[in-house]
Amino acid sequence: MANEEVTKLEAANKQLRDQLSELGSLAGSLAHEIKNPLSVIRMNMDLLAEDLDEVETSRERRTVTKVGVVQSQCSRLENLLDDFLRFARLTHLELTPGSLNHQIEKVLDLYEAQAMESRVEIIRYLDPDLPSMRLDAQTLQAALVNLVKNGLEAMPNGGELTIRTYSTRGGVAVDLIDTGYGMDPKTAMHMFDAFFSTKDGGSGLGLPTTRKIIEAHGGRIDVQSAVGTGTKFTLEFSAFVRLSSEGDANVEAS
C-alpha cells in the first residue's frame with residue numbers, strides 16, 4: 001500500500017511539473033508576442049520625438065513631455081519582458097566541469113572600475129585548492145553579476161565587498177558580503193518573490209532569476225542581512241566527482 005501511495009505521489013508531481021513547464025512555455029510565447037507591438041510603439045515614439053525636436057509653443061512642450069513619458073514606459077516594459085524571458089527560459093542547463101573561482105574572477109574584473117569609482121574595496125579570498133563543480137558559465141556569471149551589482153548599489157557612499165570561496169563537506173561555497181544598507185526582515189522575506197522590488201523601475205526578477213540559476217546548478221542560496229550593517233549571500237554547490245580507474249570516487253580539483 002505504501003509503494004502504491006508513493007507511485008501516485010510521483011505521478012502527481014510529474015503531472016504538476018509538466019503543467020508548470022507548459023505554463024512557462026505559454027508565458028514565454030506571450031511575452032514574445034507583447035514585445036513585437038511594443039517595439040513598434042517605441043519606434044514610432046522615437047520618430048515622433050524627432051519630429052518635435054524644435055518646439056516653440058507651450059502646447060508642443062507638453063506634447064514632448066507626454067512623448068517622453070511613453071518612451072520611458074516602453075523602455076521599462078521592454079526591460080521587464082527581457083528579464084521575464086530570461087527567467088522563463090531557465091529550465092535545463094548543460095553543465096560541464098569548471099572552476100567557480102574562475103567565474104567569480106571574471107565577474108569581479110568587470111566591476112572593478114565601477115567599484116573604485118564608488119569607493120568600494122573588493123576583497124577576494126578565493127581558495128586556490130577549491131574543487132571543480134558542474135556549471136554553465138554564462139548563466140552562473142549572470143547570477144554572480146546580479147549579486148555583485150546589488151552589493152555595489154547598496155554601497156553608494158563606499159564600503160567593502162568581500163568574496164570568499166571555500167570547500168564544504170562534499171561541495172564548494174561562496175560568500176558575498178557587503179557593508180551596505182542591509183535589508184529589513186520583510187524585504188528579506190520577499191526578495192526572491194517574482195516582481196518584488198524596492199528599486200524604482202526595477203523588474204523584481206533579478207534575484208528570483210539568480211535563485212533559479214543556482215537551483216538549476218543543483219545548489220542553494222541563503223541570505224543574512226541587517227539594516228545599517230550589510231548583507232551576506234551564501235551560494236553552495238556540489239563538487240564535481242570523478243571516478244578513478246579503480247572505480248573510487250574522487251573530488252577533482254580545479
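A compact table of results
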quantity: Sorted by Cβ neighbour density within 10 Å, fewest at the top, the residues Thr57, Thr234, Thr210; calculated: Thr57, Thr234, Thr210
quantity: Residues Leu47, Leu38, Leu130, sorted so that the one with the fewest Cβ neighbours within 10 Å comes first; calculated: Leu47, Leu38, Leu130
quantity: Gain upon complete extension [Val223, Arg169; 0.36 nm per residue less C-alpha separation]; calculated: 17.5 nm
quantity: Amide H within-cut-off set for Val227, under 5 Å, with H built and near neighbours excluded; calculated: Met183
quantity: Overall form of the stretch 84-178 per C-alpha gyration tensor (a/c, 1.5; a/b vs b/c); calculated: oblate
quantity: Among Leu135, Gly228, Gly206 the positive-end extreme of the charge dipole of the stretch 96-243 (Cβ point charges); calculated: Leu135
quantity: Out-of-range pairs (alpha-carbon distance over 28 Å; input Lys212/Lys232; Lys106/Lys186; Lys66/Lys212; Lys149/Lys212; Lys106/Lys232); calculated: Lys106/Lys186; Lys66/Lys212
quantity: Approximate spin-label separation Ala113-Gln138, in nm, with each point projected 7 Å along Cα-to-Cβ; calculated: 2.4
quantity: Asp127-Asp51 pseudo-label distance in nm [points 7 Å out on the Cα-to-Cβ vector]; calculated: 6.3
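All of the numbers you see were taken from the coordinates with simple rules; none came from a lab. Here the structure is a predicted model, which means the values were calculated and not measured. Here the Cβ is made from the backbone with ideal geometry for all residues, glycine too, and neighbour counts use every protein chain on show.
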